[in-house]
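The values are calculated or read from the model by the stated rules, or taken from the named source; none is laboratory data. Predicted model only: the values in this text are computed from it and were never measured. All Cβ positions, even for glycine, are placed from backbone atoms using ideal geometry, and neighbour counts span all protein chains on display. SASA here: full protein model, heavy atoms, side chains in, ligands and nucleic acids out. Shrake-Rupley method; radii C 1.70, N 1.55, O 1.52, S 1.80 Å.
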Amino acid sequence: MSRRTRTLEILERLIAFPTVSDQSNLALIAWVEDLLRQAGFDVTRIAAPDGQKAGLFARCGPGTEGGVCLSAHTDVVPVAGQDWTRPAFEITQAEGRLYGRGVTDMKGFLASALSVAEVAGKARLRQPLSLSISYDEEIGCVGMQQMMPVLKDLIGTPQLVIVGEPTGMQMAMGHKGKTALRVVCDGQAGHSALAPQFVNAIHLASAFVQEMQQLQERYAQGRRDEAYAVPYTTVHVGRISGGTALNIVPDRAELEMEFRHSAGVAAADIRGQIAAAAAKISAETSGGRITVTQINAYPGLDAKADDPGLVWAGETAESAARIRVPFGTEAGFFAALGLSTVVMGPGDMARDGHQPDEGLDLSQLDACDAMMDRVVAALT
């Protein structure tokens, strides 16, 4: 059986598991766990705190030092509300492309990794090959955060971690980190006929949004990294709600917001500026208060081009391109462990990621398989 045929067989099975982030991935995990054990890997299941999901860490080969770790997530974004013209959870193929939810983001890479794992299990590896398989990446790398206390003691010191998000098989050396915040504006309820006598929480929220716009303008004029499509820290308010009826002065309004920053910019400093804006408005408004709470965060990635692991990765991938990607990944968690980490996988996120009729060029999957074969060859 050819590598392409086996990778496609595995991918077909993976796509058939509807692992949307609000659903369990345990059926997929059980299937993958069985495949890896049969391939000769030692496998550890890492359960989510609620027991409804799980990740895996698997290793084949001698020891825990050196080698390569392949990292993928199992969850996909929803298809509800999207205009699909093909079955979302079945593989279809037409004109050199594969279609199905997750083929690009990122079950194509996972299928290739599992396919090569079967090859590695039959080889005499001089250095280990490992796989880190997570859940709930799409909702802010939540699964990796939950897995990390266990994973950090399992992973050892691989020479390189490859996080297989879609980069067109180019080496992505960096991406921004992200912090998500909830902002609660407390005012005073009252009859709207007497509105000026009360603190309108929506007015507080409006003043806060204006402060965030000014903060964004300052970042746009400040430190820049031209490798990014948007070369500066971004501040974004994504949701706002408040009020119960037109004739009641609202006593509460809530916002959800985020900021994305290059790895060289301290998230704590940005949080401090946002908290200062909230404190300023609160102090200027007698009877009003704004509270800012962090609800999620993940680190950015800022790999160095002369890192020996990444030099080796470029040679193995046969890719001279060095890029930065606009989307977040789990790579920063591995880099924080002191591991050489790169983002590299098949597909085009801008064209296919999170889109209806998500697709993947077969040529991209072939290129990923070829890279995987070179990885295993280098470990034998």
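Per-structure values
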quantity: Condition broken by Gly187, with the remaining ones in (1) more than 13 Å from Phe334 (Cα to Cα); (2) out of contact with any Pro (no Cβ under 8 Å at 6 or more places or on another chain); (3) surrounded by 22 or more Cβ atoms within 10 Å (Cβ to Cβ) satisfied; calculated: (2)
quantity: Answer residue from the range 10-32, given it is touching a residue at least 24 places away in the same chain (Cβ under 8 Å) and of a type in the set (D, E, K, R) and is nearest to Leu365 (Cα to Cα) among those; calculated: Glu12
quantity: Flag for Phe327 being within 22 Å of the chain's Cα centre (by Cα), in a helix (DSSP H, G or I) and among the aromatic types (Phe, Trp, Tyr); calculated: no
quantity: Strands (runs of 3 or more DSSP E) contained in the range 1-107 and holding at least 2 residues open to solvent by 60 Å² or more (accessible area, probe 1.4 Å); calculated: 42-47
quantity: Residues being open to solvent by 60 Å² or more (accessible area, probe 1.4 Å), among the charged types (D, E, K, R) and under 17 Å from Val184 (Cα atoms) - total across the range 255-307; calculated: 5
quantity: Lone qualifier among Glu217, Glu211 - being under 34 Å from the mean Cα position of the chain (by Cα), closer than 30 Å to Ile248 by Cβ and not in a loop (DSSP other than H, G, I, E, B); calculated: Glu211
quantity: Members of the range 220-240 that are part of a loop (DSSP other than H, G, I, E, B), of a type in the set (Val, Ile, Thr) and surrounded by 14 or more Cβ atoms within 10 Å (Cβ to Cβ); calculated: Thr233
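Each row is one residue, and each column tells you yes or no for (1) surrounded by fewer than 24 Cβ atoms within 10 Å (Cβ to Cβ); (2) modelled with pLDDT of 95 or more.
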position: Ser115; (1), (2): no, yes
position: Gly121; (1), (2): yes, yes
position: Arg124; (1), (2): yes, no
position: Gln127; (1), (2): yes, yes
position: Met144; (1), (2): no, yes
